[in-house]
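Notes for the one structure printed next.
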Amino acid sequence: MALSRSSRRFARALVGVGLSALTFAGIVLAPRTAHAQRVYVYTNRPPPPRVYYGGGYGYAARPAAPYYYQEPLYQTQLGFDLEGVAPLNAPTYNGGPAAIGGGAGFKIRLGEEIRFPGSGIRLTPEVGYAYDHMWAADNLGNGYDWSMNRLMAGARLGFGHILVPSVYAHLGYGWRQTDAAYVTGQNGGLAFDVGGALDLRVVPHVGFGVHLEYVQVSTDVDTPQWLAVGGHVNILF
């Protein structure tokens, strides 16, 4: 039986749909080109995470290093000394010794500390004023004033960085204030001292220490001599 025109059209449509379906299936099921995946292999441990600082702003920085205070080559030094004093020779009165007892005193020093890189040497030229008061009495037990004043210039030489031993010496003019009846003539003259100190430098711009020194003042009547031992602080700026 011959197919009608409409039947033939429907058959051609079914064939077209079938061909389209087969073509789509061929495309989907066709084998694709293989792509290699990258794999990273570390022969050593991966690097540590970076360190950040700056309050969360994300600035990268190297790990913190130990802090060292770098001292400048030159610094002005202001020193304050407190000390106890003990006389070494007592003047005489009417053939007997006067009773010169121990006392106390202080010094103010101003200098310029100079450091020599790589050697630990510190040289400090300085000037200063010193005052020492001693308790005194004559052979009758009458007390009187016995105060020594000095204006001086000199230097100290130190070695080291944290624990700094040093030696020092000063030369200048000294005078005595006293109302002792037996002391006449000029009460002033050449003065000098020589001593040693040990300083501790653990705080930037500040040093603490102890010292021991010998002092002598030449006057017309006698030559006062004494030892002074005490502590001091040096402020550097």
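The values are calculated or read from the model by the stated rules, or taken from the named source; none is laboratory data. Nothing here was measured: the structure is a model prediction, and the numbers come from that model. Neighbour counts run over all protein chains shown; Cβ positions are idealised from the backbone, glycine included. Remember, those area values only see protein heavy atoms, side chains included, never the ligands or the DNA or RNA. Shrake-Rupley method; radii C 1.70, N 1.55, O 1.52, S 1.80 Å.
Would you pick out the residues in segment 219-237 that are farther than 27 Å from Gln75 by Cβ and in a loop (DSSP other than H, G, I, E, B)? Full working, then the answer.
Of segment 219-237, the ones farther than 27 Å from Gln75 by Cβ are 219-227.
Thr219, Asp220, Val221, Asp222, Thr223, Pro224, listed by residue number.
Pull up segment 126-150, narrow it to residues that are among the small types (Gly, Ala, Ser) and buried (at least 18 other Cβ atoms within 10 Å of the Cβ), then point me to the one that is farthest from Ile235 (Cα to Cα).
Here is the first cut: in segment 126-150, the ones among the small types (Gly, Ala, Ser) are 128, 130, 136-137, 141, 143, 147.
Now restrict to residues that are buried (at least 18 other Cβ atoms within 10 Å of the Cβ): 128, 130, 136.
Values: Gly128: 15, Ala130: 18, Ala136: 34 Å.
Top of the filtered list is Ala136.
Quick test for you: out of Tyr173, Tyr168, pick the one residue that is within 17 Å of Tyr129 (Cα to Cα), open to solvent by less than 20 Å² (accessible area, probe 1.4 Å), in contact with a Lys or Arg (Cβ under 8 Å, 6 or more places away or on another chain) and modelled with pLDDT of 90 or more.
Only one candidate passes the filter, namely Tyr168.
Take segment 109-122 and flag every residue that is free of Cβ contacts under 8 Å to residues at least 60 places away in the same chain, under 13 Å from Gln75 (Cβ atoms) and open to solvent by less than 60 Å² (accessible area, probe 1.4 Å).
Correct list: Gly111, Ile114, Arg115, Arg122.
Residues are listed down the side, and each one gets a yes or a no for (1) surrounded by fewer than 18 Cβ atoms within 10 Å (Cβ to Cβ); (2) touching a Gly at 6+ places or on another chain (Cβ under 9 Å):
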site: Met152; (1), (2): no, yes
site: Ala180; (1), (2): no, no
site: Leu190; (1), (2): yes, yes
site: Ser218; (1), (2): yes, yes
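Take Gln216 and tell me if it is assigned to a strand (DSSP E or B), at pLDDT 95 or above and under 14 Å from Ser147 (Cα atoms).
On the way: assigned to a strand (DSSP E or B): yes; at pLDDT 95 or above: yes; under 14 Å from Ser147 (Cα atoms): yes.
The answer is yes for Gln216.
Could you figure out which of (1) of a type in the set (Val, Ile, Thr); (2) closer than 22 Å to Arg115 by Cβ; (3) surrounded by fewer than 16 Cβ atoms within 10 Å (Cβ to Cβ) isn't true of Val194?
Of (1) of a type in the set (Val, Ile, Thr); (2) closer than 22 Å to Arg115 by Cβ; (3) surrounded by fewer than 16 Cβ atoms within 10 Å (Cβ to Cβ), only one is false for Val194: (2).
Give the residue, chosen from Arg122, Arg150, that is more than 21 Å from Ala228 (Cα to Cα) and touching a strand residue (DSSP E or B) at 6+ places or on another chain (Cβ under 7 Å). Write out each step before concluding.
Numbers: Arg150 fails: more than 21 Å from Ala228 (Cα to Cα).
Of Arg122, Arg150, the one residue that is more than 21 Å from Ala228 (Cα to Cα) and touching a strand residue (DSSP E or B) at 6+ places or on another chain (Cβ under 7 Å) is Arg122.
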